[in-house]
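Q: Here's a structure for you.
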Amino acid sequence: MARMKFLCDAERCIECNACVTACKNEHEVPWGVNRRRVVTIQDGKPGERSISVACMHCSDAPCMAVCPVDCFYQTDQGVVLHSKDLCIGCGYCFYACPFGAPQFPQAGNYGSRGKMDKCTFCAGGPEDDMSSGEFQKYGRNRLAEGKLPICAEMCSTKALLAGDGDQVANIFRERIVARGFGSGAWGWGTAYSIKS
Amino acid sequence: MVRLFLCFILYLMLLPSSASAFDRFTAHGGPVRDLALSPDGENFVTASFDYSAVLWSANDIKEKSTLYGHEAALNTAKFSPDGRWLATGGDDGLIMLWRTSELKRDDVEPIILRGHKGKIVHLAFSNESKQLASASWDGSIGLWQLENDPENTEVHSRFIRGHEGPVNAVQFSNDGDYLYSAGQDGQIRYWRLASDEYLRSVVRNGWSISVFAIDETKDIVAFGSSDGVMSVERLSDQTTLMRVGDERVPVLSLYYADDAGVLGFGNAKGRVLLVDTSNWSVIRDFHAANGPIWSMLLMPDHQSLMVAGLDDFITRWPIYEFPPEFLDKPGPARRFHPNRDISNGERQFARKCSVCHTLKADGKRRAGPSLFGVFGRQAGRLEGYPYSPALQKSDIIWTSATINRLFAEGPDKVTPGTKMPIQRMKNEQDLKDLVSFLQSATQN
């Protein structure tokens, strides 16, 4: 079974935000929630870089470690998902996540306390695959449809890669050899340093 | 040789033992999110997941009173500089103003400030105690005018929007005419309050800024961010004075004690870094918890540090005396993170319910009522627990069938108006095992 991973090549990201828009459109994400966003570091200074960021589906996910109600689980493909039925919206996962992935809609969107929302690697949630209930709570289950995440598919510079971690790593390794400089894979080590 | 041996024994006896390196104090029945010291240094307050704030004496660390009012977890508590008010904010989107002169009374009624549409995660008073600012995950900054007597006149409020995403922290300028705010958009923004106008960003970090402190007099800004950076910059020109953090572990707490010359950072993996602000050298760098450090407080003696996190207890560390290695063994297992072999029903309770409920008759303080003897009990009738009005009027009798229905359909459907978070258990076997476990574990 493939271990799914994201990789954002900071040398290629041009901050076009197509990944952000594609994600919101594909999953009909409510206003105020950005499952994916583009972070710019060293803004306006030498060394400025942009990085497309969402849940990285970490091998040793810190969100799972702090959750007081056990709402997270990891699929056999390594995708970290959560149950909005169990989530109590405490926000502890937001503080634990080095990528700022968990999002909290305003009151009323998912119940009075605001259930957490985050990137699902386009893998839905605990509801039946491709059911209307799954789409309503978690968005489209593209993995069940045999497709990869829409954000990476839409990336015009192929800065954002998603898929089998070994294949993603091989593609990136070839890039590094070809261009001869800079790793640029921000967050890869943080997310996947512990092998699953 | 014998003399040498005796000297060695004496040396071992004089070494501080790891057991006495720190002291733990428990009053809450849930994680503790914030600590705040009163201006006179006599008391401090803790804000907890268990829907309560506790007032402690700072001298002997004794619980003085418990404040109930919020209908959800508390995230923040702050005293006004004039010592008149204690403000608390929580997941219910409410701010409560408590008169400090009445904190020891059981029937103290707070003034409730409404307007936010998301959880409130940080509060700050202006130096003159005439304004209160609130940071909310609804993406806005709340400004509450306290110059007129809040007890007799309605508190005027307004909301500033500008951050892209949640606002995590706020602080007034020394004169109260300007405001600084930090957010998930990675910026510390600077606002003119006369016009609520965004002037500039004093920090552009990219990654979310969770905590910050600004000292305009000394021209410094200190902040901690989600990518693990603990940084101090010159406020006027952003020259870096200190920068630590290659671990990419989110920084969650910051404590700036100007009078003691100490700056402290705490991160999501329990690391505490204390810095001497005279030369930005590290005083102490140690692990104070197995989990996040959400808040820290330099005690009035300036010799000890109180830290709070995912546990029910708060921990006091003597800054200058403890052995530097600290936690050579893990701390006590949390009830909601069990690490022993248990049945599926007990595991479901431990992992999904125990953060809010206890099974014991003595009913330790929790966000929810004790489940001891719950079968056959009428909903909303356990003496001593502050139920919501909706539950007090409920005619539900808790049985296997009604508890099953509660988690199959959700508390919002079965007990509308309840303070209980909306939880449903879709896995029928897990629910069956949970109810079966509760039947045996809650019996009289």
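Q: Restrict the check to the stretch B:95-112 and report whether at least one residue is touching a residue at least 12 places away in the same chain (Cβ under 8 Å), within 14 Å of chain A (Cβ to nearest Cβ) and open to solvent by less than 10 Å² (accessible area, probe 1.4 Å).
A: Taking every residue of the stretch B:95-112 in turn, none turns out to be touching a residue at least 12 places away in the same chain (Cβ under 8 Å), within 14 Å of chain A (Cβ to nearest Cβ) and open to solvent by less than 10 Å² (accessible area, probe 1.4 Å).
Q: Do we have residue A:114 as buried (at least 24 other Cβ atoms within 10 Å of the Cβ), more than 23 Å from residue B:352 (Cα to Cα), at the interface with another protein chain (Cβ under 7 Å from one of its Cβ atoms) and not hydrophobic (A, V, I, L, M, F, W, C) here?
A: No: the conditions fail for residue A:114.
Q: Report whether or not residue A:95 is open to solvent by 10 Å² or more (accessible area, probe 1.4 Å) and within 7 Å of chain B (Cβ to nearest Cβ). Walk me through it before giving the result.
A: Numbers: open to solvent by 10 Å² or more (accessible area, probe 1.4 Å): yes; within 7 Å of chain B (Cβ to nearest Cβ): yes.
Spelling it out, residue A:95 is indeed open to solvent by 10 Å² or more (accessible area, probe 1.4 Å) and within 7 Å of chain B (Cβ to nearest Cβ).
Q: Another one. Pairs please, first residue from the stretch B:237-251 and assigned to a loop (DSSP other than H, G, I, E, B), second anywhere and buried (at least 16 other Cβ atoms within 10 Å of the Cβ) and of a type in the set (A, V, I, L, M, F, W, C), Cβ atoms under 6 Å, 6+ apart in sequence or on different chains.
A: What qualifies is B:245/B:229; B:245/B:230; B:249/B:268; B:250/B:268.
Q: Evaluate the following for residue A:13: is it out of contact with any Asp or Glu (no Cβ under 7 Å at 6 or more places or on another chain), assigned to a loop (DSSP other than H, G, I, E, B) and under 20 Å from residue A:134 (Cα atoms)? Reasoning before the result, please.
A: Numbers: out of contact with any Asp or Glu (no Cβ under 7 Å at 6 or more places or on another chain): yes; assigned to a loop (DSSP other than H, G, I, E, B): yes; under 20 Å from residue A:134 (Cα atoms): no.
For residue A:13, the condition - out of contact with any Asp or Glu (no Cβ under 7 Å at 6 or more places or on another chain), assigned to a loop (DSSP other than H, G, I, E, B) and under 20 Å from residue A:134 (Cα atoms) - is not met.
Q: Ok, one more. Quick check on the stretch A:158-175. Is at least one of its residues modelled with pLDDT of 95 or more and part of a loop (DSSP other than H, G, I, E, B)?
A: Scanning the stretch A:158-175, I find at least one residue that is modelled with pLDDT of 95 or more and part of a loop (DSSP other than H, G, I, E, B), so the answer is yes.
Q: Mind checking whether some residue in the stretch A:69-82 is over 12 Å from the mean Cα position of the chain (by Cα) and at the interface with chain B (Cβ under 7 Å from one of its Cβ atoms)?
A: yes
Q: Taking into account only those residues within the stretch B:293-304 that are in contact with a Pro (Cβ under 8 Å, 6 or more places away or on another chain) and of a type outside the set (A, V, I, L, M, F, W, C), which is surrounded by the most Cβ atoms within 10 Å (Cβ to Cβ)? Break it down stepwise before answering.
A: Initially, the stretch B:293-304 is screened for residues in contact with a Pro (Cβ under 8 Å, 6 or more places away or on another chain), giving B:294, B:303-304.
Now drop any that are not of a type outside the set (A, V, I, L, M, F, W, C), which leaves B:303-304.
Numbers: B:303: 13, B:304: 19.
Only one residue tops the list, namely B:304.
Q: Tally time: how many residues in the stretch A:35-67 are within 23 Å of residue B:138 (Cα to Cα), within 11 Å of chain B (Cβ to nearest Cβ) and buried (at least 22 other Cβ atoms within 10 Å of the Cβ)?
A: Matching residues across the stretch A:35-67 total 5.
Q: Specify which of the listed residues (B:241, B:254) is open to solvent by 20 Å² or more (accessible area, probe 1.4 Å) and within 19 Å of residue B:34 (Cβ to Cβ).
A: B:254
Q: Among the residues that make up the stretch A:19-28, is at least one of them more than 21 Å from residue A:156 (Cβ to Cβ) and either of a type outside the set (Ser, Thr, Tyr) or over 15 Å from the mean Cα position of the chain (by Cα) (or both)?
A: Looking for residues that are more than 21 Å from residue A:156 (Cβ to Cβ) and either of a type outside the set (Ser, Thr, Tyr) or over 15 Å from the mean Cα position of the chain (by Cα) (or both), one finds at least one in the stretch A:19-28, hence yes.
Q: Also, I was wondering about something else. Scan (1) under 30 Å from residue B:253 (Cβ atoms); (2) touching a Pro at 6+ places or on another chain (Cβ under 7 Å); (3) modelled with pLDDT of 95 or more for the single condition residue A:113 breaks and write down its number.
A: So residue A:113 meets the others, but not (3).
Q: Right, next: Within the stretch B:363-400, can you find the residues that are among the small types (Gly, Ala, Ser), crowded, with 18+ Cβ neighbours inside 10 Å and touching a Gly at 6+ places or on another chain (Cβ under 6 Å)? Before the answer, list the steps.
A: Let us first name the residues in the stretch B:363-400 that are among the small types (Gly, Ala, Ser), namely B:363, B:367-368, B:370, B:373, B:376, B:379-380, B:384, B:388, B:390, B:394, B:400.
Applying the additional criterion that residues be crowded, with 18+ Cβ neighbours inside 10 Å yields B:363, B:367-368, B:370, B:379-380, B:394.
The answer is B:367, B:370, B:394.
Q: Go over the candidates B:290, B:279 one by one and state the one that is open to solvent by 30 Å² or more (accessible area, probe 1.4 Å), within 24 Å of residue B:25 (Cβ to Cβ), not in a strand (DSSP E or B) and not acidic (Asp, Glu).
A: From the options B:290, B:279, the qualifying one is B:290.
Q: A further question on this structure: Out of the residues in the stretch B:406-444 meeting the condition of being basic (Lys, Arg) and part of a helix (DSSP H, G or I), tell me which one is nearest to the other protein chains (Cβ to nearest Cβ).
A: Here the answer is B:413.
Q: Let me ask something additional. Among residues belonging to the stretch A:25-34 that are buried (at least 18 other Cβ atoms within 10 Å of the Cβ) and outside any loop (DSSP other than H, G, I, E, B), point out the one that is nearest to the other protein chains (Cβ to nearest Cβ).
A: My answer is A:27.
Q: A follow-up question, please. Go through the residues of the stretch B:368-377 one by one and say whether even a single one is small (Gly, Ala, Ser), in a loop (DSSP other than H, G, I, E, B), in contact with a strand residue (DSSP E or B) (Cβ under 9 Å, 6 or more places away or on another chain) and within 12 Å of chain A (Cβ to nearest Cβ).
A: No - not one qualifying residue is present in the stretch B:368-377.
Q: Let me ask you something else. Does residue B:88 satisfy the condition of being open to solvent by less than 50 Å² (accessible area, probe 1.4 Å), among the β-branched types (Val, Ile, Thr) and either within 14 Å of another protein chain (Cβ to nearest Cβ) or within 21 Å of residue A:92 (Cβ to Cβ) (or both)?
A: So residue B:88 fits the description; yes.
Q: Could I ask something else about it? Can you name the residue in the stretch B:51-67 that is out of contact with any Phe, Trp or Tyr (no Cβ under 8 Å at 6 or more places or on another chain) and surrounded by fewer than 14 Cβ atoms within 10 Å (Cβ to Cβ) and is also modelled with the highest pLDDT among such residues?
A: Going through the qualifying residues, I end up with B:57.
Q: Regarding residue B:310, is this residue buried (at least 18 other Cβ atoms within 10 Å of the Cβ), of a type in the set (A, V, I, L, M) and under 30 Å from residue B:434 (Cα atoms)? Talk me through it step by step, then tell me what you get.
A: Values: buried (at least 18 other Cβ atoms within 10 Å of the Cβ): yes; of a type in the set (A, V, I, L, M): yes; under 30 Å from residue B:434 (Cα atoms): yes.
Yes; evaluated as a whole, the condition is true for this residue.
Q: Sticking with this one: Within the stretch A:127-157, count every residue that is open to solvent by 80 Å² or more (accessible area, probe 1.4 Å), touching a residue at least 24 places away in the same chain (Cβ under 8 Å) and not in a loop (DSSP other than H, G, I, E, B).
A: Of the residues in the stretch A:127-157, 2 are open to solvent by 80 Å² or more (accessible area, probe 1.4 Å), touching a residue at least 24 places away in the same chain (Cβ under 8 Å) and not in a loop (DSSP other than H, G, I, E, B).
Q: What is the one condition in (1) surrounded by fewer than 20 Cβ atoms within 10 Å (Cβ to Cβ); (2) within 14 Å of chain A (Cβ to nearest Cβ) that residue B:198 does not satisfy?
A: So the condition that residue B:198 fails would be (2).
The values are calculated or read from the model by the stated rules, or taken from the named source; none is laboratory data. Predicted, not measured: the structure shown is a model, and the values here were computed from it. Note: ideal-geometry Cβ built from the backbone for every residue, glycine included; neighbour counts use all protein chains shown. Just the protein is used for accessible areas: all its heavy atoms, side chains included, with ligands, DNA and RNA removed. Shrake-Rupley method; radii C 1.70, N 1.55, O 1.52, S 1.80 Å.
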